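Undergrad: Structure provided below as structure tokens; questions to follow.
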Amino acid sequence: MPSNGLLNEERRREILEILHQDGRVLVNDLARRFRISQITIRKDLEVLNGQGVIERTHGGALPVQSGALLDPTLREKEQLHRKQKTQIAHVAVRLVEEGQSVLLDSGTTTTAIARALKNMARLTVITNAVNIAAELAGTDVEVILTGGTLRKNSFSLVGPLAERTLRQLSADILFLGVDGFDTSAGLFTPNLLESEVNRAMVAIARRTIAVCDSSKFGRRSLCNITPVSSVHEVITDKQIPKSDLRALKEAGVKVTLV
């Protein structure tokens, strides 16, 4: 008999729809939703993984990736996890004090943080993101743009000029967005030039705070930015896998859940 009145194929199609909408699925959530055992859900995910339509991860699944080279555009990323990114941004700005220098790398979560910083005074924002500089134009926030070669996918400035500018500066806080966060291997981005700029940012920041929604955990992409030991705090949402939350706390990293 099909569980919960659904045929296996119908349930698997629904799982794919949920994955498309949410950007990830977890075994325990799906088991509750369909009122079936976790063993059955794991079998569903294995079947879908074998068909090449999902990417199986510990405890759930992610949309299928086009290898480690996947580098979605900023506009594509903006469509995903908007609520979580806004919540992360609201928490992040509470850590910022007037008179500080704040470093923002490119990305949709850091763009949300920039929007939340607009009303602050006596604040300096250092960024390599052209769109973030545009967001803050006309406000009381002083903006330092690194210069460099423009990447059309992320609106970011990369290359030797961006790195050289960063090495001449110092920041109180770095808010670092990432495409992948593996608690054993570190933080990842799909672009080599972007990773070099991100490393320069970590080097000049007194405090590094990773800002990412929970879908980024358990994922890697092409380029490693920095190990987890370089991160002081992580701001993410409550859907972070429990194993990753535990690993971060054991590593001495403060975790704030929104």
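Undergrad: Holding the Cα-Cα limit at 22 Å, pick out from LYS83/LYS216; LYS118/LYS152; LYS43/LYS249 the pairs that are longer than that.
TA: Details: LYS83/LYS216 15 Å; LYS118/LYS152 24 Å; LYS43/LYS249 31 Å.
With Cα atoms farther than 22 Å apart: LYS118/LYS152; LYS43/LYS249.
Undergrad: Now, a different point. How big is the C-alpha Rg of the stretch 3-63 next to the rule-of-thumb value 2.2 N^0.38 Å, as a ratio? Walk me through the numbers on the way to the answer.
TA: On the way: Rg = 10.1 Å, N = 61, 2.2 N^0.38 = 10.5 Å.
Dividing the Cα Rg of the stretch 3-63 by 2.2 N^0.38 Å gives 0.96.
Undergrad: Residue separation times 0.36 nm, minus the C-alpha to C-alpha distance between LEU192 and ASP172: what's the value?
TA: 4.7 nm
Undergrad: Rounded to the nearest 500, what is the chain's calculated 222 nm mean residue ellipticity when only DSSP H runs of at least 4 contribute -39500 (n - 2.57) each, over all residues?
TA: Working: 10 runs with 99 residues, N = 258.
Counting only the DSSP helices, I get -11000 deg cm²/dmol.
Undergrad: Also: How much of the DSSP bridge set in the chain is antiparallel, in percent, rounded to the nearest 5?
TA: Numbers: 16 of 40 bridges.
Approximately 40 percent, going by the DSSP bridge assignments.
Undergrad: Let me ask something else. Mind checking the full-extension length gain between ALA137 and ALA31? Use 0.36 nm per residue of separation minus the Cα-Cα distance, one decimal, nm.
TA: Numbers: separation 106, 0.36 × 106 = 38.16 nm, distance 4.77 nm.
The span from ALA137 to ALA31 would gain 33.4 nm if fully extended.
Undergrad: Taking the alpha-carbon distance from LYS242 and a cut-off under 20 Å, which aspartates and glutamates remain once sequence neighbours fewer than 8 residues away in the same chain are dropped?
TA: ASP22, ASP29, GLU55, ASP179, ASP182, ASP213, GLU233, GLU250
Undergrad: Please compute the net charge surrounding ILE15, taking Lys and Arg as +1 and Asp and Glu as -1 over other residues with Cβ under 11 Å from its Cβ.
TA: On the way: positive: ARG11, ARG12, ARG13, ARG33; negative: GLU9, GLU10, GLU14, GLU17, ASP22, ASP29, ASP44.
Charge balance in the 11 Å sphere: -3.
Undergrad: Please express the shape of the chain as an equivalent ellipsoid: the semi-axes are the square roots of 5 times the eigenvalues of the C-alpha gyration tensor, given largest first in whole angstrom. It would help to have the intermediate numbers written out before the result.
TA: Numbers: eigenvalues 258, 63, 55 Å².
Three semi-axes, in Å: 36, 18, 17.
No value in this document is a laboratory result; all are computed from the given coordinates. Just so it is clear, the model here is predicted, and its values are computed rather than measured. Here Cβ is always computed from backbone atoms with ideal geometry, including for glycine, and neighbour counts include all displayed protein chains.
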